[in-house]
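Comments concern the structure below.
Laboratory data are not the source of any read-out in this text; all were calculated from the coordinates shown. Just so it is clear, the structure is predicted and the values come from calculations on it, not from any experiment. No Cβ is skipped: glycine too gets one built from the backbone with ideal geometry, and neighbour counts run over all protein chains shown.
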């Protein structure tokens, strides 16, 4: 599948681009600046030389031409960026992975966007698209390190059951990620906010945590 | 230690009472009605006959006499119940475990109390006490089943570091629970809200999930 990543030059976007390309997808990393996207993509190809990853660079409008679109911008740019390519996103699945967080002193605190979550804001910006929220808790750096698996559960929610199911299939292709159906887009609010707790644990314990649920062994 | 549980007749409170008594603490289960508390405690003694659990019954004012107090009421009674025994709670650690949730159709949704979390509301109700938030994600029924361990991480947050440390020690006595320092009471908001996601998974997958974090193996 061709997958475009809006705002794909940060750790989360480029990590996801790398991981998706590693399982055979054609990924387009988008950015406000196509030049910046080109630099990041060159860096990914250099790092993973010999792996033959299909990752191209474009501006966000170019990335929005893909079949499935990921919004990986910082949270305060998610609404604007999605809206700027609303026409191209119509009828497509749009995966939102941003979290609204702020660092206050040594503490990460969740912010509550006016619609409750970044994903709900994105859905409002592109009402003709099917927004799915996922991947908030997966550590970005680990996602981009193909030498190591990322053992993590991935909570997915959406108001569009078929789009959710398709994203669950996509994520399941990345071994060691276990997608879990967490309900409709209402749940993006607590899922996004919980990311602050994970970052807090990372600071406190000098590590990078991921979430695994017990009681789901046979899923 | 003597531990009083306000609103301790529900699944969470009675489960915690059982588990705390099983590791040697003297527990007082409180309720608005001492008679109701007596019935529940009789039931616990009958269920665990031969285990010699130290669990007594009282009204909430009686339970508030203990050294450490747990608020296990439904979330919408937590503020009022804590405030009603404010004098007795002064100078003590008060552990808040309630989550503000509502069931809408088949979906559990988190509610945001005016102060952001139930725990922050309780802290405001008893400003002379040291409120610690914990145990939101541990399945209540499993907590009360002494025949089986409850393998779960327990996120703990508080504005009072010493009270937090003391609660972490207390929880660590219950084998298979791993207490984790999640920062100050700000974090109670995302921790409480995330409980809705866990309940959602329980409904969707017909199970009872608990949270374990990867990346913390040597804690």
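Things worth noting here:
- In this assembly of identical copies, the label point of residue B:10 (Cα plus 7 Å along Cα-to-Cβ) is separated from its counterparts by 3.6 nm, sorted shortest first.
- Alpha carbon centroid spacing (whole Å) that separates the range B:167-219 from the range A:128-189: 20
- Residue exposure proxy: A:83, A:206, A:92, ordered by other Cβ atoms within 10 angstrom of their Cβ from fewest to most, comes out as A:206, A:83, A:92.
- Projected label distance in nm at residue A:145 and residue B:111, using a 7 Å step from Cα toward the beta-carbon: 4.3
- Rh by Kirkwood over Cα pairs, then Stokes-Einstein D for the protein assembly as shown at 1.002 mPa s and 20 °C, µm²/s: 94
- For the range B:114-166, the fraction of C-alpha pairs more than 12 angstrom apart is 70%.
- Taking N as its residue count, the alpha carbon Rg of the range B:122-219 over 2.2 N^0.38 Å: 1.12
- Fewest-first sequence of A:14, A:96, B:54 by Cβ atoms within 10 Å of each Cβ: B:54, A:14, A:96
- Each copy carries residue B:111; placing its label point 7 Å along the C-beta direction from Cα gives inter-copy distances of 2.8 nm, listed from smallest up.
- The other copies place their residue A:38 label points at 8.4 nm from this one, listed shortest first, where each point is 7 Å from Cα along Cα→Cβ.
- If R0 is taken as 60 Å, the Cβ-Cβ distance between residue B:54 and residue A:165 corresponds to a FRET efficiency of 0.75.
- Sequence-separation-based contact order of chain B, relative, with Cα cut under 8 Å and 6+ spacing, percent: 18
- Kirkwood radius and radius of gyration were both taken over the C-alpha atoms of the range A:2-205, and their ratio Rg/Rh is 0.94.
- Take each residue of peptide B:110-117, count the partner chain Cβ atoms within 10 Å of its Cβ, and average: the result is 2.
- If you plug the beta carbon distance of residue A:45 and residue A:176 into 1/(1 + (r/R0)^6) with R0 = 25 Å, you get a FRET efficiency near 0.55.
- For the protein assembly as shown, the mean residue ellipticity at 222 nm estimated from helices alone is -11500 deg cm²/dmol, where every DSSP H run of n ≥ 4 contributes -39500 (n - 2.57) and the total is divided by all residues, rounded to the nearest 500.
- Simple spin-label estimate for residue B:83 and residue A:103 in nanometres, 7 Å along Cα-Cβ: 3.9
- What the Cα convex hull of the range B:1-66 gives, in volume per residue, is 58 Å³.
- As a proxy for reagent exposure, ranking B:130, B:192, B:173 by other Cβ atoms within 10 Å from fewest up yields B:173, B:130, B:192.
- Debye intensity ratio I(q)/I(0), log10, the range A:1-119, q values 0.09, 0.10, 0.14, 0.19 Å⁻¹ (C-alpha model): -0.24, -0.30, -0.57, -0.94
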